[in-house]
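**Student:** Would you mind keeping the following structure in view while I ask a few things?
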Amino acid sequence: MNFKKSLLFSILPMFNAITQAQTIIPLYEGTIPNSRPCEIKETDMGNGRVSTIITPVLYAYLPQKRDSNKTCVIIFPGGGYTRLAIDHEGFQVAEALNKRGIAAFVLKYRQPHDIACIENPETVAQMDAQQAITIVRGKAAGFNINPDAIGLLGFSAGGHLASTIGTHFTNSLLPSNKPINLRPDFLVLAYPVISFSDSLAHKGSRDNMLGPKPSAEKIKLYSNELQVTPQTPPTFLLHAADDHAVIVENSLHFFMALQQNKVPAEMHIYQKGGHGFGLQNKAEPNDWLSLVYAWLKTNKLMKGNVGE
């Protein structure tokens, strides 16, 4: 990745809204791995959503150097592994993080649903997420961030992707022989898909990733509450009790697994809010990101009082 060259990328308008990303960084140079030629074009679905992603990219949101806490968050918007709610679970979140001095990167990752354009649906989103971590950590000095304070924030199916990266980080999917640290330093999971078990799973996300008849082995492998170890990163969880799309037990089971493995964890459960509320739960209005900031400070993952 030629970082200086990437800084020359112009700001692109998305969904007739203005993104404040200073830089748009392609994940791969040359041929994109785990892809094949197809006639599908990327689709702006309106209302801040995008689908049929062919070329994955990172949107970089960097605070002014004087304002930086040197903490970084890579954001994975949700969308059931078939689309991305990239505005309210991506760009808006990145702008809010910047106000607190946190560098943010929104990942527009490929979807396993788009089987015509990829070789292996099961691993395509994970591959893009691992590549994003590699770019950000490898260019940490240029981005003015601490390479040991890089976390993931995942919403819904993006939460499944983030929790997968946080529990499967020893399994590199990237075409490189160089040793790469793929372990995030923390996770923030908002109404996340965690489990693929029959009793907990968001069936649409599971079917899009593994197909309609996944094996018992694959279901267990990607039920991330079963993959937690003492090395799993510290985790902050947020969910609504009345979420009927991704039931709250997903977060509860992950939290209990973290507790059993003595991994630092904090969980906040709204009484109401449903699914997909993004930054603002209109049923119980408060600033849940403030809780995340406090938690980051408690765990010494963020310094300073920027934006307070």
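Every number in this text was worked out from the coordinates using simple rules, so none of it is lab data. Not measured: the values here are computed from a predicted model. Don't worry about glycine lacking a Cβ; one is built from the backbone with ideal geometry, like all the others, and counts go over all protein chains shown.
**Student:** Compute a Gaussian network model of the chain, connecting alpha carbons closer than 10 Å, and tell me which residue from Ser251, Ser176, Ser51 fluctuates the most.
**Tutor:** Sorting by GNM fluctuation, first place goes to Ser176.
**Student:** Would you please classify the overall shape of the chain from the alpha carbon gyration tensor, given that a ≥ b ≥ c denote the square roots of the eigenvalues, rounded means a/c under 1.5, and beyond that prolate means a/b larger than b/c while oblate covers the rest? Intermediate results must be reported in sequence, preceding the final value.
**Tutor:** Working: a/c = 1.28, a/b = 1.03, b/c = 1.25.
Rounded is the answer for the chain, as its axis ratio a/c remains below 1.5.
**Student:** Among Tyr222, Tyr191, what is the fewest-to-most ranking by other Cβ atoms within 10 Å? Walk me through the intermediate numbers first.
**Tutor:** Working: Tyr222 27, Tyr191 30.
With the fewest neighbours first, Tyr222, Tyr191 line up as Tyr222, Tyr191.
**Student:** Set the bar at 26 Å for Cα to Cα. Now go through Lys70/Lys282; Lys65/Lys139; Lys139/Lys303 and name every pair that lies beyond it.
**Tutor:** Numbers: Lys70/Lys282 31 Å; Lys65/Lys139 15 Å; Lys139/Lys303 20 Å.
The pairs that break the limit, which is 26 Å between Cα atoms, are Lys70/Lys282.
**Student:** Okay, which of segment 232-249 sit inside 14 Å, backbone N to the point 7 Å along the Cα-Cβ direction of Asn286?
**Tutor:** Of the residues in segment 232-249, 238-241 have backbone N under 14 Å from the label point off Asn286.
**Student:** Spin-label point model (7 Å from Cα, Cβ direction): what's the Lys303 to Thr170 distance in nm?
**Tutor:** About 3.2 nm separates the two model spin labels.
**Student:** Sum up the charges of everything whose Cβ sits under 12 Å from the Cβ of Leu252, counting Lys and Arg as +1 and Asp and Glu as -1, but leave Leu252 out.
**Tutor:** -3
**Student:** Any cysteines in the chain with zero other Cys Cβ atoms under 4.7 Å from their Cβ? List them, or say none.
**Tutor:** Cys72
**Student:** Between Glu42 and Ile269, what length comes free when the chain is fully extended (0.36 nm per residue of separation minus the Cα-Cα distance, one decimal in nm)? Let's see the in-between values first.
**Tutor:** On the way: separation 227, 0.36 × 227 = 81.72 nm, distance 3.53 nm.
Between Glu42 and Ile269, full extension yields an extra 78.2 nm.
**Student:** If each residue of separation counts as 0.36 nm, what is the full-extension length gain between Gln260 and Asn181 once their alpha-carbon separation is subtracted? Numbers along the way, then the final one.
**Tutor:** Details: separation 79, 0.36 × 79 = 28.44 nm, distance 2.48 nm.
In short, 26.0 nm is gained.
**Student:** Collect residues whose amide H, placed 1.01 Å from N in the peptide plane, falls under 5 Å from the amide H of Ile54; neighbours closer than 5 in sequence don't count.
**Tutor:** The answer is Glu42.
**Student:** Taking only Cα atoms and a 10 Å spring cutoff, compute GNM fluctuations for the chain and point out the largest among Glu284, Glu249, Glu95.
**Tutor:** Among Glu284, Glu249, Glu95, the largest GNM mean-square fluctuation belongs to Glu284.
**Student:** Another one. Add -39500 (n - 2.57) for each DSSP H run of 4 or more in the chain, then divide by its residues: what number comes out at 222 nm, to the nearest 500 deg cm²/dmol? Before the final figure, lay out the partial values.
**Tutor:** Details: 9 runs with 82 residues, N = 308.
Using -39500 (n - 2.57) per qualifying helix, the result is -7500 deg cm²/dmol.
**Student:** Whole-Hz ³J(HN,Hα) for each residue in segment 228-238, computed from phi via Karplus 6.51 cos²θ - 1.76 cosθ + 1.60 with θ = phi - 60°, x for glycine and proline: what do you get?
**Tutor:** 5, 9, x, 8, 4, x, x, 9, 10, 10, 9
**Student:** Name the long-range amide H neighbours of Thr23: under 5 Å, sequence gap of 5 or more, or other chain; modelled H, no Pro or chain starts.
**Tutor:** Those qualifying (amide H under 5 Å, at least 5 residues apart or on another chain) are Ala60.
**Student:** Ordered by residue, what ³J(HN,Hα) values in Hz, to whole numbers, does segment 207-215 give under the Karplus form 6.51 cos²θ - 1.76 cosθ + 1.60, where θ = phi - 60° and Gly and Pro are x?
**Tutor:** Result, ordered by residue: 5, 5, 8, 10, x, x, 10, x, 6 Hz.
**Student:** Once phi is turned into θ = phi - 60°, what whole-Hz ³J(HN,Hα) does the Karplus curve with 6.51, -1.76 and 1.60 give for every residue of segment 51-56, x standing for Gly and Pro?
**Tutor:** 9, 6, 7, 9, 10, x
**Student:** Turning to a different aspect of this structure: For a quick check, take a GNM of the chain with Cα springs below 10 Å and name the residue from Pro147, Pro175, Pro184 with the largest mean-square fluctuation.
**Tutor:** So, out of Pro147, Pro175, Pro184, the one fluctuating most is Pro175.
**Student:** Arrange Arg110, Arg66, Arg137 by Cβ neighbour counts within 10 Å, fewest through most, would you? Walk me through the numbers before you get to the answer.
**Tutor:** On the way: Arg110 24, Arg66 7, Arg137 21.
Final ranking by Cβ density, sparse to dense: Arg66, Arg137, Arg110.
**Student:** Using a Förster radius of 22 Å, what is the FRET efficiency between Lys139 and Leu279 based on their Cβ-Cβ separation? Nearest 0.05, please.
**Tutor:** Numbers: r = 27 Å, r/R0 = 1.23.
The computed FRET efficiency comes out at 0.25.
**Student:** Tell me the label-point distance for the pair Ala96, Ser215, using the 7 Å Cα-to-Cβ offset, in nm and rounded to one decimal.
**Tutor:** Output for this residue pair reads 4.1 nm.
**Student:** In what sequence do His239, His168, His253, His244 fall when counting other Cβ within 10 Å, fewest first? Working shown, then result.
**Tutor:** On the way: His239 27, His168 17, His253 20, His244 9.
Least to most surrounded, the residues fall as His244, His168, His253, His239.
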